[in-house]
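Colleague: The following block contains the structure, expressed as structure tokens.
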Amino acid sequence: MGDLVLRLPEATNYPTGRMEIDALPCFKDLVRQNGVSVRAVVADLSTDAGVAQVADILKADASVDILVNNAGTSPLGSSTDLPQEVIDRMIAVNITALTHLSRAALPGFIARNRGTIINIGSVMAFNAFPITSAYSGSKAYVLLFSKGLQAELKDTNVRVQAVLPAGVATEIYDGSIMPLDSIPKEVVMSVDDLVDAALAGLDSGETTTLPSVDDAELWARYESARDALFASTQTGTPASRYRV
Ligand SMILES: NC(=O)c1ccc[n+]([C@@H]2O[C@H](COP(=O)([O-])OP(=O)(O)OC[C@H]3O[C@@H](n4cnc5c(N)ncnc54)[C@H](OP(=O)(O)O)[C@@H]3O)[C@@H](O)[C@H]2O)c1
């Protein structure tokens, strides 16, 4: 899904994941076709040092105006079956790195009054199943962190988009207890379609993009139900059903 950065018109200078540039032939095409410069940074975002390495670039390099927080892991399994270190690594990448990198990019974006953060969440941000407890929790964080940032930045030209994909055919399923071929093909999107839809959502000004959801009203109703629920919490008194 990291292909997304290759389609951004501003895709000229960005840090990437742990792969070496030679393992990313798509970068070479980008350079050849568009004459842009590409800088690959190898960093393990599950470590403090790896996050700091990328954060330092975001803080220092004023030419960076788009941050795509795409790196993520999705270990599937019950909370008692999954090894603690696997969950810790997921939290480190899905939550901690995303937060640090966003906070590293934002001061420059705000000072320049331009810049975009694209956070790759998941539809698991608003649902959880017996094998997704921790993953769903991590993506719920991505969704609400993005929502909070949007509110913080509402008077600026800095944009934050949360992209919430459902199933997408990527390597994330390799070796998982739910391999790709166990999922009905009709509910799995191609990376190409996902990237096109995510960027179309960004172009159209969406703050939350649900690439596979046809009825956009569903999300509007979900948000409005959430706002009504939140408003109803502001009473200061126990609900009458508790007879307190
Ligand atoms: N595929 C789906 O069905 C689906 C659905 C909803 C949301 N998502 C989200 O989409 C995002 C991209 O996942 P994907 O589906 O494209 O899976 P993927 O093919 O496994 O890609 C995961 C990406 O995260 C990077 N990454 C993982 N751990 C890292 C670490 N410790 N340090 C640096 N980079 C790390 C990987 O870099 P390396 O290749 O260098 O390891 C890779 O670029 C994730 O946030 C995932 O949660 C995926």
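The values are calculated or read from the model by the stated rules, or taken from the named source; none is laboratory data. Here the structure is a predicted model, which means the values were calculated and not measured. Positions of Cβ are generated from backbone atoms using ideal geometry, with glycine treated the same way; all protein chains shown enter the neighbour counts.
Colleague: Could you grab me the full set of residues in segment 65-94 that are of a type in the set (A, V, I, L, M) and either within 20 Å of Asp174 (Cα to Cα) or within 11 Å of the ligand (Cβ to nearest atom) (or both)?
Modeller: Val68, Ala71, Leu76, Leu82, Val86, Ile87, Met90, Ile91, Ala92, Val93
Colleague: Another one. Among what's in segment 182-228 and is assigned to a helix (DSSP H, G or I) and of a type in the set (Val, Ile, Thr), pick the residue that is nearest to Lys154 (Cα to Cα).
Modeller: Val195
Colleague: Here's another thing I want to ask about it. I need the full set of residues from segment 90-144 which are at positive phi and surrounded by fewer than 19 Cβ atoms within 10 Å (Cβ to Cβ), in order please.
Modeller: Selection gives Asn113 alone.
Colleague: Could you figure out which of (1) closer than 24 Å to Asn69 by Cα; (2) within 16 Å of the ligand (Cβ to nearest atom); (3) touching a helix residue (DSSP H, G or I) at 6+ places or on another chain (Cβ under 8 Å) isn't true of Leu149?
Modeller: It is condition (2) that Leu149 fails.
Colleague: Restricting the first residue to segment 208-220 and requiring it to be farther than 16 Å from Val187 by Cβ, which pairs with a second residue that is modelled with pLDDT of 95 or more and among the basic types (Lys, Arg) meet a Cβ separation below 8 Å and a spacing of at least six or different chains?
Modeller: What qualifies is Thr208/Lys147.
Colleague: Follow-up. Please enumerate the residues belonging to segment 170-181 that are surrounded by 12 or more Cβ atoms within 10 Å (Cβ to Cβ) and either assigned to a helix (DSSP H, G or I) or within 7 Å of the ligand (Cβ to nearest atom) (or both).
Modeller: The answer is Thr170, Ile172, Tyr173, Leu180.
Colleague: Going by the conditions given, is Ile57 within 21 Å of Val158 (Cα to Cα) and within 9 Å of the ligand (Cβ to nearest atom)?
Modeller: No.
Colleague: Determine, yes or no, whether Pro184 is loosely packed, with under 13 Cβ neighbours inside 10 Å and modelled with pLDDT of 95 or more.
Modeller: yes
Colleague: Across segment 1-47, what is the number of residues that are modelled with pLDDT of 70 or more, farther than 16 Å from Val191 by Cβ and within 12 Å of the ligand (Cβ to nearest atom)?
Modeller: Going through segment 1-47 one residue at a time, the tally reaches 8.
Colleague: Looking for something part of a helix (DSSP H, G or I) and modelled with pLDDT of 95 or more - is there at least one such residue anywhere in segment 59-66?
Modeller: Taking every residue of segment 59-66 in turn, at least one turns out to be part of a helix (DSSP H, G or I) and modelled with pLDDT of 95 or more.
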